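Enquirer: One structure follows; several queries about it will come next.
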Amino acid sequence: MISFCIPAHNEAAMIGATVRAIRAAADAVGQPYEIVVADDGSTDNTGAIATEAGARVVRVERRKISATRNSAAHASTGDILFFIDADTLIEAHHVREALDLLARGRVGGGALITLDGAVPLWARCLLAALIALYRPLRLSAGCFMFCTRPAFDASGGYPEEYYGGEEIIFAQRLKKQGPFRLIASKVETSGRKLRTHSMGEIVGAFSRVAFRGPGFAKKRENMGLWYDERREDPMGRRSP
């Protein structure tokens, strides 16, 4: 059984398309699966849309992405876990590549990304720089990660003391359990933060974490880019 675990907070605009894309991909792969959405304190109809699209929804009140990812995993029943963000679209070949890596002895992995819609030139340069850094370090974007259930349990899952950067620590934890690899294909995720925030805001947020160390991400107030009220994205996807 494959469990697709989705953390979501006020994602009514995108969650339907994300769940339908996962269903189409999983149906094409042909293995038993479930889709679990951890609806984390949403004040919109995220949960209702996800249910209508075919997901099982569990309601949580964590407002912390690491804990919400873990909540979805703990509510799931599969022996293979995929962690997909609510604003990310996957295809069958992404799932097949990941399953092939697991079948060849990897305990987990992830992917690098492309962005939906148009983003500023500075944002494209920033993304290229991050990809150049992540690829040799075998670090994954947080929007697409996967692992076996035993590796998840042995690693302790995502570090719940962190409000951001949890995917980096989770990857390092998985690497202690066995080989961790990225799939060859990139997955498409939303570029909304890069469209709705300035270069100064984005670079400043990443710089503060980089220079002040991981402990900086343990306070919610320090991670405003991820937890402040979401700005309207005029070019983003919308769930029908």
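Quick note: the coordinates plus some simple rules give every number you see, no bench work behind them. Every value quoted in this text rests on a predicted model; they were computed, and no experiment measured them. Here the Cβ positions follow ideal geometry from the backbone for every residue, glycine too, while neighbour counts run over all protein chains shown.
Enquirer: Can you work out the base-10 log of I(q)/I(0) for region 136-195 at q = 0.20, 0.23, 0.27 1/Å, using the Debye formula on its C-alpha atoms alone?
Expert: Taken in order of the listed q values, log10 I(q)/I(0) reads -0.82, -1.02, -1.24.
Enquirer: In what sequence, highest mean first, do 7-17, 47-57 appear when ranked by Cβ atoms within 10 angstrom?
Expert: The peptides rank, most packed first, as 7-17, 47-57.
Enquirer: Could I ask something else about it? Would you look at the GNM of the chain, springs on alpha carbons closer than 10 Å, and say which of 66, 42, 198 moves the most?
Expert: Looking only at 66, 42, 198, the biggest GNM fluctuation is shown by 198.
Enquirer: Given region 101-240 reduced to its alpha-carbon atoms as identical point scatterers, what log10 I(q)/I(0) does the Debye formula return at q = 0.17, 0.22 Å⁻¹?
Expert: -1.07, -1.44
Enquirer: Taking each full run of DSSP H in the chain as one helix, which ones are at least 24 Å long along their axis (Cα atoms) and have mean Kyte-Doolittle hydropathy of at least 1.0?
Expert: Length and hydropathy pass: 121-137.
Enquirer: Tell me, what does the Kirkwood hydrodynamic radius of region 70-148 come to in angstroms if you use every pair of distinct C-alpha atoms?
Expert: Hydrodynamic radius (Kirkwood, Cα only) of region 70-148 equals 14.0 Å.
Enquirer: Can you work out the FRET efficiency for the pair residue 231 and residue 125, with r the C-beta to C-beta distance and R0 = 30 Å, to the nearest 0.05?
Expert: 0.90
Enquirer: For the chain, what does -39500 (n - 2.57) per DSSP helix run (n ≥ 4), summed and divided by total residues, give at 222 nm, in deg cm²/dmol to the nearest 500?
Expert: Roughly -12500 deg cm²/dmol at 222 nm, from the helical runs in the chain.
Enquirer: Across 10 Å bins from the origin, how do the percents of Cα pairs in the chain run, short distances first?
Expert: It works out to 8, 33, 41, 17, 1, in whole percents.
Enquirer: On a C-alpha basis, how far is the centre of region 15-38 from the centre of region 198-239 in Å? Whole number, if you could?
Expert: Between the Cα centres of region 15-38 and region 198-239 lies a distance of 28 Å.
Enquirer: Residue by residue through region 146-156, what is 3J(HN,Hα) from phi via Karplus (6.51 cos²θ - 1.76 cosθ + 1.60, θ = phi - 60°)? Round to whole Hz and write x for glycine and proline.
Expert: 8, 6, 7, 4, x, 5, 4, 5, 5, 7, x
Enquirer: Note down, for region 1-138, the three equivalent ellipsoid semi-axes (square root of 5 times each alpha carbon gyration tensor eigenvalue), biggest first, whole angstrom.
Expert: 24, 21, 15
Enquirer: Tell me which residues come under 5 Å, amide H to amide H, from residue 114 once H is placed; ignore anything under 5 positions away on its chain.
Expert: 187, 188, 189
Enquirer: Using 1/(1 + (r/R0)^6) with R0 = 30 angstrom and r between the beta carbons of residue 23 and residue 44, what's the FRET efficiency to the nearest 0.05?
Expert: For R0 = 30 Å, the calculated efficiency reads 0.90.
Enquirer: Quick one: Cα convex hull volume of region 1-73, Å³ per residue?
Expert: Residue-normalised Cα hull volume stands at 69 Å³.
Enquirer: Among DSSP bridges having both ends in the chain, what percentage is antiparallel? Round to the nearest 5.
Expert: 30 percent
Enquirer: Please compute, over every Cα-Cα pair in region 169-219, the percentage with a separation greater than 16 angstrom.
Expert: For region 169-219, the share of Cα pairs beyond 16 Å comes to 65 percent.
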